[in-house]
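Undergrad: Dropping a structure here in structure tokens format, bear with me for questions.
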Amino acid sequence: LGHEVVGIELAEPAVEAFGREHGLTPRSSRRGAIVEHSAEGVTMLQGDFFDVRPDDVGAITAFYDRAAIVALPPDLRPRYAAHLHALVGDGTPGLTIAFDYPQEKMAGPPFSVGESELRKYYASVKCLAERRS
């Protein structure tokens with residue numbers, strides 16, 4: 001839709017699959033601990049999320065956490081949220097996919113991260129959709 005998109009992904013095979021699925025042939029270059037893959041308005045930063053710096057992503061007007069926070073154990077979530085805020089700025093709107101279930105029923109990941117926990121990390125939380133299984 002004409003927006004520049006920056007993604008952060010740990011696994012190189014996932015970055016390659018994204019390129020294939022979208023018919024992109026990215027140019028790749030190393031930026032310290034991160035490898036930048038860029039093509040047609042999409043930049044994928046491949047490496048550890050915690051190694052990405054604000055200069056790597058530029059100005060962010062919105063974010064999409066596609067189940068990243070639920071992949072992390074409880075002790076890493078506050079660090080993740082703090083680093084995300086450092087990258088995008090406080091008050092930046094975002095969309096997060098999370099799961100809320102009795103954690104004792106499944107070891108995870110994905111881990112259960114309910115609305116009350118999300119409220120610890122984000123200024124405002126509003127459930128847009130819910131699906132029960």
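Undergrad: Between a first residue in the stretch 99-126 that is on the phi > 0 side of the Ramachandran plot and a second residue that is among the aromatic types (Phe, Trp, Tyr), which pairs have beta carbons less than 9 Å apart while being 6 or more apart in sequence or on different chains?
TA: Going by the 9 Å Cβ cut-off, the qualifying pairs are GLY108/PHE99.
Undergrad: Same structure again: I need the full set of residues from the stretch 113-133 which are open to solvent by 90 Å² or more (accessible area, probe 1.4 Å), of a type in the set (Ser, Thr, Tyr) and within 13 Å of GLY91 (Cα to Cα), in order please.
TA: Hit for the stretch 113-133 is SER124, nothing else.
Undergrad: Output the qualifying pairs, or none if there are none: Cβ atoms under 8 angstrom, residues six or more apart or on different chains, first residue in the stretch 1-30 and free of Cβ contacts under 8 Å to residues at least 12 places away in the same chain and over 19 Å from ALA67 (Cα atoms), second residue charged (D, E, K, R) and part of a strand (DSSP E or B).
TA: As it stands, the answer is SER28/GLU36; SER29/GLU36; ARG30/GLU36, since those pairs meet every condition given.
Undergrad: In the stretch 103-126, how many are part of a loop (DSSP other than H, G, I, E, B), of a type in the set (A, V, I, L, M, F, W, C) and within 18 Å of the chain's Cα centre (by Cα)?
TA: 4
Undergrad: Here is a further query. Only one of (1) over 11 Å from the mean Cα position of the chain (by Cα); (2) under 15 Å from GLU9 (Cα atoms); (3) open to solvent by less than 50 Å² (accessible area, probe 1.4 Å); (4) not basic (Lys, Arg) is not met by GLY89, so which one is it?
TA: (2)
Okay, residues lined up against (1) out of contact with any strand residue (DSSP E or B) (no Cβ under 8 Å at 6 or more places or on another chain); (2) over 24 Å from LEU128 (Cα atoms):
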{"position": "GLU16", "(1), (2)": "yes, yes"}
{"position": "GLY23", "(1), (2)": "yes, yes"}
{"position": "PHE49", "(1), (2)": "no, yes"}
{"position": "ILE69", "(1), (2)": "no, no"}
{"position": "PRO74", "(1), (2)": "yes, no"}
{"position": "ALA107", "(1), (2)": "yes, yes"}
{"position": "VAL113", "(1), (2)": "yes, no"}
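The values are calculated or read from the model by the stated rules, or taken from the named source; none is laboratory data. Here the structure is a predicted model, which is why all the values come from computation and not from measurement. Don't worry about glycine lacking a Cβ; one is built from the backbone with ideal geometry, like all the others, and counts go over all protein chains shown. These accessible areas exclude ligands, DNA and RNA; they are computed on the full protein's heavy atoms, side chains included. Shrake-Rupley method; radii C 1.70, N 1.55, O 1.52, S 1.80 Å.
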